[in-house]
Amino acid sequence: MIKKNWMYWLFFLALFLAPFYLTEFRLSLLGKFLCFAMIAIGISLIWGYTGILSLGHGVYFGLGAYCMAMYLKLEASGGRLPDFMEWSGVNKLPWFWKPFEQPVIAISSAIIVPVLLAMFLSYFTFRNRIKGVYFSLLSQAIVVVFVTLFIGKQEWTGGTNGLTNFSTVFGFSLSSPLTQIVLYLLTVVLLLSMFLFSRWLTRSRFGRVLVAIRDSENRVRFLGFNPTTYKVFVYSLSAAFAGIAGAMFVLQVGLISPAMMGIIPSIEMVLWVAVGGRSSLIGAIIGAIVTNGAKSFFSENYPDIWLLFLGGLFIAVVLFLPNGLTGVYQSVRQRKKQGEVRANEASSHVLQRVSRF
Amino acid sequence: MKRLKGNGLKWLSLLLCGSLLVLSGCAASSAVDEAKEKKKESSTSETNDTVKVGILHSLSGTMAISEVSLRDAELMAIEEINESGGLLGKKIEPVIEDGASDWPTFAEKAKKLLQKDKVVTIFGGWTSASRKAMLPVVEQNNGLLWYPVQYEGMESSPNIFYTGATTNQQIVPAVSWLLQNKGKKFFLLGSDYVFPRTANKIIKAQLKAEGGQLVGEEYTPLGHTDYSTIISKIKDVKPDVVFNTLNGDSNVAFFKQLKDAGITAKDLTVMSVSIAEEEIRGIGGDVLAGHLAVWNYFQSTDTPENKVFVEKYKEKYGKDRVTDDPIEAAYFAVHLWAEAVKKAGSFDVDKVKKAADGIEYKAPGGTVKIDGETQHTWKIVRIGEIQPDGQFKELWNSGEAVKPDPYLKSYPWAKDLMN
């Protein structure tokens with residue numbers, strides 16, 4: 001146990017010290033990957049632990065990102081109308097944009113808006129005992145609804161171009177390296193607290209109920225628990241994580257568009273978790289970093305055929321590593337343990353036999 | 001007591017080691033920073049005999065089919081410059097990146113090209129969304145981007161040169177020509193994204209001012225393929241002209257279904273702004289024959305430069321390949337940049353920008369000139385009729401190059417568009 005903990009701390013220490021050994025560009029990439037890792041933790045909670053496969057987390061990510069981006073856009077416009085509204089024929093700032101002039105409101109709604117949507121959606125589906133494939137399909141439908149809405153309402157959302165071209169956050173220039181380092185460290189802190197909270201949650205009684213729901217929801221219900229409450233809570237929690245990830249993503253990447261909340265990114269999010277190992281929180285984080293790192297690495301070095309490498313990676317993981325990358329580590333450890341046990345058993349057998357004689 | 005002492009020593013040594021590590025880390029990173037600063041001062045990626053430029057298009061994903069040809073055209077232009085002795089005594093070394101039809105990837109790769117490879121300029125982009133994603137990156141890093149595709153205007157970044165048409169070099173003259181030659185009743189059809197919506201806003205204002213009549217306006221999601229409802233609407237309202245801003249695959253579906261519904265170019269004129277030779281190859285010339293498109297260049301444009309250009313392009317990339325407007329704009333963008341570098345005598349972004357004003361180049365589609373104020377190019381406008389063999393027959397051209405006006409300042413009716 002201590003040994004395992006030691007590895008976690010080393011991992012997070014390496015993340016904290018990244019500004020010292022990575023260039024500005026690599027650091028901004030890592031910061032982006034860590035935002036994805038936040039989403040991955042949430043998906044691991046609902047998929048790996050509770051058995052809810054959501055193919056629609058792009059929406060929560062996007063909502064969080066848009067809330068933050070609206071604030072940044074207003075700050076960049078300096079009291080004037082955002083540029084895309086001007087050429088879309090809007091004369092006055094729409095009422096729902098007004099509150100986002102306040103950073104506190106923008107940041108808190110980056111969490112509250114996704115959570116409210118998740119609560120609404122999950123309460124009505126889980127209460128009616130809609131689960132499995134039906135829930136996955138429903139989550140895809142939500143993605144389509146939101147993407148269409150955001151593209152169609154160009155005068156309010158910037159359409160397919162999305163929101164971009166920000167200059168400052170709280171008066172600090174977004175392009176200065178120092179701001180980016182601070183934002184990066186903030187991302188690491190947020191990721192670490194999400195990780196610790198989720199670890200505590202999964203090890204508590206609450207977490208055991210989640211696993212029980214995954215394995216047999218009816219039995220849990222017969223035992224007197226109400227699975228709906230648990231599922232709604234954990235689903236909304238993962239939406240909150242995705243929302244925070246979106247806000248941090250916008251701050252570091254400086255761009256959000258409907259394409260990033262679409263069906264393909266939503267499925268990709270699940271893929272990261274599958275690569276890392278779905279029932280391991282640290283696995284989800286590693287999966288998000290490794291997959292996106294590989295994507296950047298391959299596409300930089302082999303711009304013509306990089307998709308083949310990435311596809312190969314996915315196929316290899318699905319075929320040979322059904323429990324993801326962390327599954328390999330665990331099975332190695334288990335084999336070692338089993339080996340030890342077997343050796344012990346064998347020796348005790350010998351002893352028994354010897355004693356019989 | 002003895003034990004404690006030993007422990008204390010261990011702690012002390014650990015602390016020492018730790019602080020040493022941190023210190024050396026700091027020193028190393030500041031050394032790296034210094035090295036970076038120095039590199040920046042010694043003006044970017046120039047070595048003694050090469051200079052790096054970035055090429056950033058989608059080589060995978062939905063946009064790859066269009067953007068790969070732009071990369072090919074840019075590489076051909078770079079090769080030409082290198083063959084004729086390079087630039088300021090240096091060979092140009094292209095660094096190719098894949099934008100993967102994904103807008104954050106465009107931002108990421110543009111950052112990589114500017115910060116890591118330290119390229120002196122980037123040629124790239126197709127969709128407006130990709131340009132908008134790259135814009136803050138090139139502005140913050142004071143880089144240079146050459147964007148080669150016609151677009152919706154309303155933009156002029158100090159770090160971007162636009163070699164494609166803005167609205168007053170494509171849409172506005174096309175609408176005026178249609179009103180004079182084809183009729184007053186317009187039906188607007190577009191894919192649901194920024195370009196069609198903005199273009200149609202402009203068209204509606206122009207129709208009002210020039211006596212046209214709007215009889216319908218429809219948008220379909222990108223990739224939409226069922227146009228039967230819209231075609232029956234078109235049959236109901238009987239427009240003289242359908243102004244088509246559909247993008248990609250939707251065009252195939254729309255034109256095939258239009259033909260199946262028994263509507264030919266004789267009954268109804270469809271004017272398109274996103275269908276060039278490359279797209280005709282995908283849809284089929286027989287389906288499109290008789291319909292119109294407006295561009296600044298056709299493969300059939302009759303200039304001596306174009307004959308050489310088309311021949312060379314086909315020889316290099318295959319007999320079945322075609323050239324079109326964005327390909328030509330990507331090609332001459334490289335040459336315009338090279339001319340500006342020669343005039344500036346330097347690869348420095350600020351000097352090149354300053355030198356670029358008024359630079360002319362004999363492009364395949366006619367002479368183009370950079371307008372220093374907007375950093376757009378003067379271009380000739382051409383309206384062509386699609387022939388069954390997939391080529392255009394030019395019906396009209398503006399004669400001389402039209403001055404770019406991305407904010408439509410010289411059109412009184414456009415005042416209400418921008419508050």
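Mind checking which residues of the range B:295-329 are in contact with a Gly (Cβ under 8 Å, 6 or more places away or on another chain) and part of a helix (DSSP H, G or I)? Listed by number, the residues that qualify are B:306, B:325, B:326, B:328, B:329. Does residue B:219 meet the test of being of a type in the set (Phe, Trp, Tyr), modelled with pLDDT under 95 and either in contact with a Ser or Thr (Cβ under 9 Å, 6 or more places away or on another chain) or closer than 30 Å to residue B:362 by Cβ (or both)? For residue B:219, the condition - of a type in the set (Phe, Trp, Tyr), modelled with pLDDT under 95 and either in contact with a Ser or Thr (Cβ under 9 Å, 6 or more places away or on another chain) or closer than 30 Å to residue B:362 by Cβ (or both) - is met. Going by the structure shown, is residue A:267 within 12 Å of the chain's Cα centre (by Cα), surrounded by fewer than 17 Cβ atoms within 10 Å (Cβ to Cβ) and in contact (Cβ under 8 Å) with a residue 60 or more places away in the chain? For residue A:267, the condition - within 12 Å of the chain's Cα centre (by Cα), surrounded by fewer than 17 Cβ atoms within 10 Å (Cβ to Cβ) and in contact (Cβ under 8 Å) with a residue 60 or more places away in the chain - is met.
Residues are listed down the side, and each one gets a yes or a no for (1) assigned to a loop (DSSP other than H, G, I, E, B); (2) surrounded by fewer than 21 Cβ atoms within 10 Å (Cβ to Cβ):
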residue: B:347; (1), (2): yes, no
residue: B:369; (1), (2): no, yes
residue: B:378; (1), (2): no, yes
residue: B:405; (1), (2): yes, yes
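On the stretch given as the range A:136-167, residues that are surrounded by fewer than 17 Cβ atoms within 10 Å (Cβ to Cβ) and closer than 12 Å to residue A:258 by Cα total 5.
Restricting attention to the range A:18-54, the residues that are outside any helix (DSSP H, G or I), within 14 Å of chain B (Cβ to nearest Cβ) and of a type outside the set (S, T, N, Q) add up to 1. Residues that are over 30 Å from residue B:198 (Cα atoms), crowded, with 17+ Cβ neighbours inside 10 Å, touching a helix residue (DSSP H, G or I) at 6+ places or on another chain (Cβ under 9 Å) and not polar (S, T, N, Q) do occur in the range A:57-75, at least one of them. Among the residues of the range B:93-130, write down those that are surrounded by fewer than 24 Cβ atoms within 10 Å (Cβ to Cβ), in contact (Cβ under 8 Å) with a residue 60 or more places away in the chain and in contact with a strand residue (DSSP E or B) (Cβ under 6 Å, 6 or more places away or on another chain). Matches in the range B:93-130: B:117 only. Scanning the range B:99-118 finds no residues that are out of contact with any helix residue (DSSP H, G or I) (no Cβ under 6 Å at 6 or more places or on another chain), in the same structural domain as residue B:370 (by TED's automatic domain parsing), of a type in the set (S, T, N, Q) and farther than 20 Å from residue A:292 by Cα.
Evaluate the range A:161-177: report whether one residue or more is under 21 Å from residue A:57 (Cβ atoms) and not small (Gly, Ala, Ser). Yes, there is a match, as at least one residue in the range A:161-177 is under 21 Å from residue A:57 (Cβ atoms) and not small (Gly, Ala, Ser).
Residues are listed down the side, and each one gets a yes or a no for (1) at pLDDT below 95; (2) touching a His at 6+ places or on another chain (Cβ under 6 Å); (3) assigned to a helix (DSSP H, G or I); (4) farther than 23 Å from residue A:324 by Cα:
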site	(1), (2), (3), (4)
A:218	yes, no, yes, yes
A:233	no, no, yes, yes
A:238	no, no, yes, no
A:241	no, no, yes, no
A:244	no, no, yes, yes
A:249	no, no, yes, yes
A:259	yes, no, yes, yes
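Among the numbered conditions (1) in a helix (DSSP H, G or I); (2) among the β-branched types (Val, Ile, Thr); (3) more than 10 Å from chain A (Cβ to nearest Cβ), the only one that residue B:92 does not meet is (1).
The condition of being modelled with pLDDT of 85 or more and under 30 Å from residue A:243 (Cβ atoms) holds for only one of A:314, A:309, that being A:314. Entry remark, the range A:160-213: residues being assigned to a helix (DSSP H, G or I) and touching a residue at least 60 places away in the same chain (Cβ under 8 Å) number 24 in total. In the range A:224-254, the qualifying residues are those that are surrounded by fewer than 24 Cβ atoms within 10 Å (Cβ to Cβ) and aromatic (Phe, Trp, Tyr), and the one that is nearest to residue A:72 (Cα to Cα) is A:233.
Cβ-Cβ distances below 6 Å connect the following pairs, each with a first residue in the range A:71-86 that is within 12 Å of another protein chain (Cβ to nearest Cβ), a second residue that is among the polar types (S, T, N, Q) and surrounded by 17 or more Cβ atoms within 10 Å (Cβ to Cβ), and a separation of six or more residues or different chains: A:76/A:167.
Note on the range B:118-156: residues that are more than 10 Å from chain A (Cβ to nearest Cβ) and not polar (S, T, N, Q) amount to 17.
Residue check: residue A:95 meets all listed conditions (1) free of Cβ contacts under 8 Å to residues at least 60 places away in the same chain; (2) in a helix (DSSP H, G or I) but one, namely (2). Checked against (1) under 26 Å from the mean Cα position of the chain (by Cα); (2) β-branched (Val, Ile, Thr); (3) away from chain A (no Cβ under 14 Å), residue B:198 meets all criteria but (3). Residues of the range A:276-317 that are over 25 Å from residue B:54 (Cα atoms), surrounded by fewer than 18 Cβ atoms within 10 Å (Cβ to Cβ) and touching a Ser or Thr at 6+ places or on another chain (Cβ under 9 Å): A:313, A:314.
Working only within the range A:270-307, note down all residues that are touching a residue at least 40 places away in the same chain (Cβ under 8 Å) and not in a helix (DSSP H, G or I). Across the range A:270-307, the qualifying residues are A:277, A:278, A:279, A:280.
Taking the criterion of being more than 7 Å from chain B (Cβ to nearest Cβ) and either surrounded by fewer than 17 Cβ atoms within 10 Å (Cβ to Cβ) or aromatic (Phe, Trp, Tyr) (or both), the residues of the range A:168-180 that qualify are A:168, A:170, A:171, A:172, A:173, A:176, A:177, A:178.
The values are calculated or read from the model by the stated rules, or taken from the named source; none is laboratory data. Just so you know, these numbers come straight off a predicted model, no measurement behind them. A quick note on method: Cβ atoms are made from the backbone with ideal geometry, for glycine too, and the neighbour counts reach across all protein chains shown.
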